[in-house]
C-alpha cells in the first residue's frame, strides 16, 4: 500500500484566532503554521505535540460549516490529569465514561465541533 498516514484533517471554524488559541493554549497543541494565503484564505495548522497528523482550522469550505465536525478523537495517556487540567482552564468537561475499550469524555471546541478525549485500554 502506498498510503502511509493521514497528513491533515480540516476542522471547520468561524473564527480562526479564537480556534487557534483554543487548540494551542487550552488543548496544548503546537502551532505549525499561521499565514495568509490570499484575501479569502488563511492557513492555520496545529497538531498535538509529537503527532504526525495535523489539523487545519478552516473557514473557506462552504460544505463544512463551523461546528459541523463530530468524532475528532484525541488520545491521552492520563485521562484523569487531562480532564482536571482542562476543567481548571474553564472547560465544561462531563464525567469520565467507561467503555469496554477504555475511558473517555466528550466536549466541544468553541464552534461546537465534537471532540472525544480518550485513554484506550488497547493502545
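The values are calculated or read from the model by the stated rules, or taken from the named source; none is laboratory data. Please read all numbers here as calculations on a predicted model, not as lab measurements. Neighbour counts run over all protein chains shown; Cβ positions are idealised from the backbone, glycine included.
Mind listing whichever residues of region 52-62 are part of a loop (DSSP other than H, G, I, E, B) and in contact with a strand residue (DSSP E or B) (Cβ under 9 Å, 6 or more places away or on another chain)? Hits for region 52-62 are 53, 59, 60, 61.
Quick check on region 1-51: of everything there that is without any contact (Cβ under 8 Å) to a residue 60 or more places away in the chain and part of a helix (DSSP H, G or I), which residue is surrounded by the most Cβ atoms within 10 Å (Cβ to Cβ)?
The extreme case among them is 20.
In region 89-111, the residues that are on the phi > 0 side of the Ramachandran plot reach residues that are at pLDDT 95 or above and crowded, with 17+ Cβ neighbours inside 10 Å with C-beta atoms within less than 9 angstrom, at least six apart or across chains, in these pairs: 102/79; 102/118; 102/119.
Out of contact with any helix residue (DSSP H, G or I) (no Cβ under 8 Å at 6 or more places or on another chain), modelled with pLDDT of 95 or more and within 16 Å of residue 29 (Cβ to Cβ) - does that describe any residue in region 80-91? Yes: region 80-91 contains one or more residues that are out of contact with any helix residue (DSSP H, G or I) (no Cβ under 8 Å at 6 or more places or on another chain), modelled with pLDDT of 95 or more and within 16 Å of residue 29 (Cβ to Cβ). Only one entry in 86, 74 is touching a residue at least 60 places away in the same chain (Cβ under 8 Å) and over 13 Å from residue 13 (Cα atoms), namely 86. Across region 66-123, the number of residues qualifying as in contact with a strand residue (DSSP E or B) (Cβ under 9 Å, 6 or more places away or on another chain) and either part of a strand (DSSP E or B) or surrounded by 13 or more Cβ atoms within 10 Å (Cβ to Cβ) (or both) comes to 36.
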